[in-house]
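> Have a look at this one.
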Amino acid sequence: SIPLSFYGGIGGASRNGILIKGGNYLETLAATGTVVFDKTGTLTTGTFRVTEILPADGFTADQLLTWAASAESSSTHPLARSILEAFGQPVDRTKVTGIMETAGRGVAANVNGVPVLAGNTKLLAGAGIAVPAEMPVGTVIHIAAAGRYAGSIRFADTLKPHAKDAVTALRRNGVRSITMLTGDTDAAAGRIAAELGLTSYRAGLLPQDKVAGLEAIIAENTGTGSVIYVGDGINDAPVLSRADVGIAMGSLGSDAAIEAADVVLMDDDPAKVATAIQISRKTYWIVR
Ligand code: ADP
Ligand code: MG
């Protein structure tokens with residue numbers, strides 16, 4: 001027979017806004033040794049703010065913003081939404097054709113007859129356009145127009161209010177290794193990892209590299225308990241499935257992530273990961 005406390009554990013969790021899809025995940029959660037977080041939308045709010053527009057010689061900030069907003073006009077990526085907000089006016093969609101978005105890289109489109117790229121260095125490199133070397137500061141996308149480098153747009157990433165608590169609570173619960181996987185730049189990831197006191201991080205990952213990143217972490221932490229992945233995006237679904245327990249954000253999270261996850265945090269609060277572990281341990285302590 002199934003001990004009543006299984007239901008108690010799942011019920012207790014659901015009263016805390018934590019949806020657990022099966023009693024077996026409680027056992028795995030109770031043995032958590034490593035927690036791996038996605039960055040954007042999981043530790044950060046998923047809303048970026050444009051802080052700087054830096055045109056290259058021969059280009060203007062207005063041109064850059066118009067090109068970027070036009071190319072991003074049908075994207076739901078957080079960076080796209082912040083560019084559209086900074087643009088502050090509706091995009092004339094009749095002037096934008098051939099929009100093509102590549103996950104983990106950015107967008108290409110034809111704006112007023114000009115071929116435009118808006119994305120990271122990998123996107124521009126794919127078109128043979130070099131990005132000038134410079135001191136990276138944080139989250140940045142680069143713009144190219146008609147095959148030339150046209151400049152960059154910088155963003156500030158905002159930590160969720162409980163991001164620091166999430167890490168502190170995990171450490172207090174004996175989780176040794178707390179790490180982060182992200183497609184963002186090394187500089188943006190490093191700043192957040194230092195601010196939160198993460199054990200380590202892996203940056204610049206393409207969506208398809210995230211599973212390999214998680215597998216490397218699993219290999220490094222063999223014999224030290226379960227490996228939990230916490231994410232929110234469409235790109236996170238394969239990683240959520242690969243982890244011992246996949247935890248998705250309930251309201252910010254994509255349908256694919258919620259579907260692939262074993263546990264869903266209804267209020268998107270990363271500190272609830274520690275709550276879930278506490279509840280699972282209490283449940284197992286009672287069962288034994
Ligand atoms: P994360 O792992 O932080 O959730 P993503 O995989 O969504 O990040 O994106 C990784 C990187 O790919 C972004 O930081 C950005 O450089 C680039 N990128 C992805 N989509 C877009 C887009 N629509 N416009 C511009 N850049 C993009
Ligand atoms: Mg994300």
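The values are calculated or read from the model by the stated rules, or taken from the named source; none is laboratory data. For clarity, every value in this text was computed on a predicted model and none was experimentally measured. Neighbour counts run over all protein chains shown; Cβ positions are idealised from the backbone, glycine included.
> Considering (1) in contact with a Phe, Trp or Tyr (Cβ under 8 Å, 6 or more places away or on another chain); (2) at pLDDT 95 or above, say which one Y201 fails and leave the rest.
(1)
> If V137 passes every condition in (1) away from ligand 2 (no atom under 16 Å from the Cβ); (2) at positive phi; (3) under 20 Å from the mean Cα position of the chain (by Cα) but one, which one does it miss?
(2)
> List, please: which pairs have Cβ atoms under 7 Å, are six or more places apart or on different chains, and start with a residue in region 70-94 that is under 21 Å from G104 (Cα atoms) and assigned by TED's automatic domain parsing to the domain that holds V140 and end with one that is within 16 Å of ligand 2 (Cβ to nearest atom) and part of a helix (DSSP H, G or I)?
E72/A80
For (1) touching a helix residue (DSSP H, G or I) at 6+ places or on another chain (Cβ under 6 Å); (2) surrounded by fewer than 24 Cβ atoms within 10 Å (Cβ to Cβ); (3) over 24 Å from S200 (Cα atoms), each residue gets a yes or a no:
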position: G33; (1), (2), (3): no, yes, no
position: T45; (1), (2), (3): no, yes, no
position: L65; (1), (2), (3): yes, yes, yes
position: S70; (1), (2), (3): no, no, yes
position: A80; (1), (2), (3): no, yes, yes
position: L84; (1), (2), (3): yes, yes, yes
position: G88; (1), (2), (3): no, yes, yes
position: V91; (1), (2), (3): yes, yes, yes
position: V96; (1), (2), (3): yes, yes, yes
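> Moving on. Considering region 98-117 alone, what residues qualify as being outside any strand (DSSP E or B) and either within 10 Å of ligand 1 (Cβ to nearest atom) or under 24 Å from L206 (Cα atoms) (or both)?
So in region 98-117, the residues outside any strand (DSSP E or B) come out as 103-105, 112-113.
A103, G104, R105 - these are the residues of region 98-117 that are outside any strand (DSSP E or B) and either within 10 Å of ligand 1 (Cβ to nearest atom) or under 24 Å from L206 (Cα atoms) (or both).
> Here's a follow-up. Residue check: is A108 under 27 Å from I192 (Cα atoms), away from ligand 2 (no atom under 16 Å from the Cβ) and assigned by TED's automatic domain parsing to the domain that holds S74?
Working: under 27 Å from I192 (Cα atoms): no; away from ligand 2 (no atom under 16 Å from the Cβ): yes; assigned by TED's automatic domain parsing to the domain that holds S74: yes.
For A108, the condition - under 27 Å from I192 (Cα atoms), away from ligand 2 (no atom under 16 Å from the Cβ) and assigned by TED's automatic domain parsing to the domain that holds S74 - is not met.
> Another question, then. Can you report the number of residues in region 180-208 which are among the charged types (D, E, K, R) and within 16 Å of ligand 2 (Cβ to nearest atom)? Steps first, please.
As a first pass, look at region 180-208 and keep what is among the charged types (D, E, K, R): 184, 186, 191, 195, 202.
Then keep just the ones that are within 16 Å of ligand 2 (Cβ to nearest atom); that gives 184, 202.
So the count comes out to 2.
> Does region 133-146 include one or more residues that are over 17 Å from A56 (Cα atoms), small (G, A, S) and touching a helix residue (DSSP H, G or I) at 6+ places or on another chain (Cβ under 6 Å)?
Within region 133-146, one or more residues are over 17 Å from A56 (Cα atoms), small (G, A, S) and touching a helix residue (DSSP H, G or I) at 6+ places or on another chain (Cβ under 6 Å).
> For V239, state whether it is in contact (Cβ under 8 Å) with a residue 12 or more places away in the chain and either away from ligand 1 (no atom under 14 Å from the Cβ) or charged (D, E, K, R) (or both).
Numbers: in contact (Cβ under 8 Å) with a residue 12 or more places away in the chain: yes; either away from ligand 1 (no atom under 14 Å from the Cβ) or charged (D, E, K, R) (or both): no.
Here the answer is no, as V239 does not meet what is asked.
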